[in-house]
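Nothing in this text is a laboratory measurement; each read-out follows from the coordinates by a stated rule. The structure displayed is predicted, hence computed values, not measured ones. When we count neighbours, we look across all protein chains shown, and the Cβ atoms used for this are built from the backbone with ideal geometry, even at glycine.
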Amino acid sequence: MGAQVLTITSGKGGVGKTTAVANLAVALAADGARVACIDGDIGLRNLDVVMGLENRIVYDVVDVIEGRCRLRQAMIRDKRLPELYLIPAAQTRDKSAVTPSDMIRLCNELRAEVDWVIIDSPAGIERGFKNSIAAADRVLVLTNPEVSAVRDADRVIGILEAEEKGTPALIINRLNPVMVKQHDMLSADDVLDLLAIKLIGIVPEDEGVIVGSNRGNPVALEPKSRAGQAFRNIAKRLKGENVPFMDLDAGTSLWSRLMGRK
Amino acid sequence: MSDSNSLIEIKGLRDGLLVTMSDASWDESRAALMEQIETRGSFFQGARLALDVGGMVFHVNELSELRDMLSERGVNLWAVVSESPTTQKTSQLLGLATRISKPRPQEMTRPTAEPAGEGKAMWIGRTLRSGTRVEFAGNVIVVGDVNPGAEVVAEGNVIVWGRVRGLVHAGAGGDASAFACGLDLSAAQIRIGGVAAVPLERSGEVRPAKYFLEDGIVKSELWQSNQS
């Protein structure tokens, strides 16, 4: 029946949804899958920048929905991976330009073309969010180890359950093992204690992610990046592989050893 | 449930609201529905709506327009029931249900009009997440947690077999003999009758507790295994 439609959402803004979409898409595509990403944040598009494809946009998702171009024309091919595509959001429109049924139709058309459709949901729980989850077969909820982000994630999980989207899986993004150790940050266990859903990955905090986003080079393409490794592991788990969770303390102990030696 | 308005009939179902259209024209019925939603905002807010349109014929653009109109008003259209094959096909195309008999494990967040009684209790066998509000004119039993941002408002007692980090309000109708109890209420917001409680200071170990009114003040009692 073709592609799986995967939506990444969070409730709260700024937790790293767009970065996660770009990295998971890159990781899946680098592994040989055909992937299309849709930027669901109409009016505030970012995914094109994070993927480094900003200057290639001709048509966007609203153009497809309103029939100004064919689907293929709006699929921007990635410059690194031949089977990775981006369908950008319209920047001059807003969320009301798209309806949930438009998204379902669009994704059904995409299912025949690719193996994965990854939708980047906007923050919030309003129209844009509803559009983004309408077509999803699976939903990943992304949160940071922060009280406010976790509460919003809880709200979103509740809505997803009420909409019969099934129980989503959780990505904890930007975990800083040093801060957790000092009890300055929620641990993964604290987060799971409240949200009580299945964990699919923990991404450690990594400055390289910001650099990568600014340059349009997702870190999942960098073999040495720890955050990149975490995203690659999530991509493997999405495909059903059993990948053990990374030892996040490994980096820490080396760091503290170096600091201690001085 | 429809009052002055006889163009549409609104009925509560286990899994949402059922709106039945009369024989009036679609424009009139739709206007009547929107008017009802506008005037009774809190009743419709967040509701799942099923629509029985009888034999009326709808095409995709009409139904999707209706769905968008409803969703802008915070109402979720989930089913359109019709005898017309065209309309049925349309609803399937839009991913709407065409039958409403499907049982659904949804919490009953709509207040029921039944009188509070000793034996009346609402059973909730799962965790209430942020944004969920449960109201009941009787006792409420939750087996699961009440997460921050979730609210349980009962005219009777509230009993939670789990952790409460949201709001529990017992005796919401003014019953001063109501109580709230739970396995861990240390981070809860508690109200009994019309009085808000100052939460107990957390002293290391978490213990089940019961909150009740005494002389107009909320008192608490920690459960102890060697007591009573």
In degrees rounded to 10, the 0-90 angle between helix B:26-39 Cα long axis and the longest Cα principal axis of chain B is 20
With only helices counted (DSSP H, runs n ≥ 4, each -39500 (n - 2.57)), the per-residue ellipticity at 222 nm for chain B, to the nearest 500, works out to -5000 deg cm²/dmol
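Taking the Cα centre of the protein assembly as shown as origin, sum charge times position over the Cβ atoms of Lys and Arg (+1) and Asp and Glu (-1), and report the length of that vector in debye to the nearest 20.
Dipole size: approximately 1560 debye.
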Mind checking the mean number of beta-carbon atoms from other chains within 10 Å of the Cβ atoms in A:149-160?
-> 5
Which of the lysines could a cross-linker span from A:K130 if the Cα-Cα distance has to be under 16 Å and same-chain partners fewer than 8 positions apart are dropped?
-> A:K12, A:K17, A:K95, A:K165
If we count every other residue with Cβ under 10 angstrom of A:V5's Cβ, Lys/Arg +1 and Asp/Glu -1, where does the sum land?
-> +1
Check: C-alpha center segment B:147-166 vs C-alpha center segment B:185-199, spacing in Å is 10
Rank A:M246, A:N173, A:C107 by how far each Cα sits towards the positive end of the charge dipole of segment A:4-260 (+1 on Lys, Arg Cβ; -1 on Asp, Glu Cβ) and give me just the farthest.
-> A:C107
For residues of B:121-133, the mean tally of beta carbons on other chains within 10 Å | 4
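Which loop GluC sites (Glu not before Pro) in segment A:60-144, with loop taken from DSSP, have no more than 15 other Cβ atoms within 10 angstrom of their Cβ?
Values: sites: A:E66, A:E83, A:E109, A:E113, A:E126; in loops: A:E66, A:E83, A:E113, A:E126.
Loop-located and lightly packed - A:E66, A:E113, A:E126.
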Report the relative contact order of chain B, percent, no decimals, based on alpha-carbon pairs under 8 angstrom and at least 6 residues apart.
-> 9
Sparsely packed GluC sites (Glu not before Pro) within segment A:203-252, loop by DSSP, other Cβ within 10 Å at most 10 | A:E241
Put +1 on the Cβ of every Lys and Arg and -1 on every Asp and Glu Cβ in the protein assembly as shown; which of A:M185, A:F231, B:N147 then has its Cα farthest towards the positive end of the dipole?
-> A:F231
In segment B:133-228, which GluC sites (Glu not before Pro) fall in coil by DSSP and have 14 or fewer other Cβ atoms within 10 Å?
-> B:E201, B:E205
Can you check what the Kirkwood hydrodynamic radius comes to for segment A:4-260, Cα pairs only, in Å to one decimal?
-> 18.3
Hey, got the dipole for chain A? About the Cα centre, +1 on K and R Cβ, -1 on D and E Cβ, debye to the nearest 20?
-> 600
With the contact rule set at Cα under 8 Å and sequence spacing of 6 or more, what percent relative contact order holds for chain A?
-> 25
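How much of the DSSP bridge set in segment A:4-260 is antiparallel, in percent, rounded to the nearest 5?
Bridges in segment A:4-260 that DSSP calls antiparallel: roughly 5 percent.
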For A:K224, which aspartates and glutamates qualify as cross-link partners when the Cα separation must be under 17 Å and same-chain residues fewer than eight apart are set aside?
-> A:D31, A:E205, A:D206, A:E207, A:D247, A:D249
Sort A:225-231, A:17-23, B:171-177 for me by packing, meaning the mean count of neighbouring Cβ atoms within 10 Å per residue, highest on top.
-> A:17-23, A:225-231, B:171-177
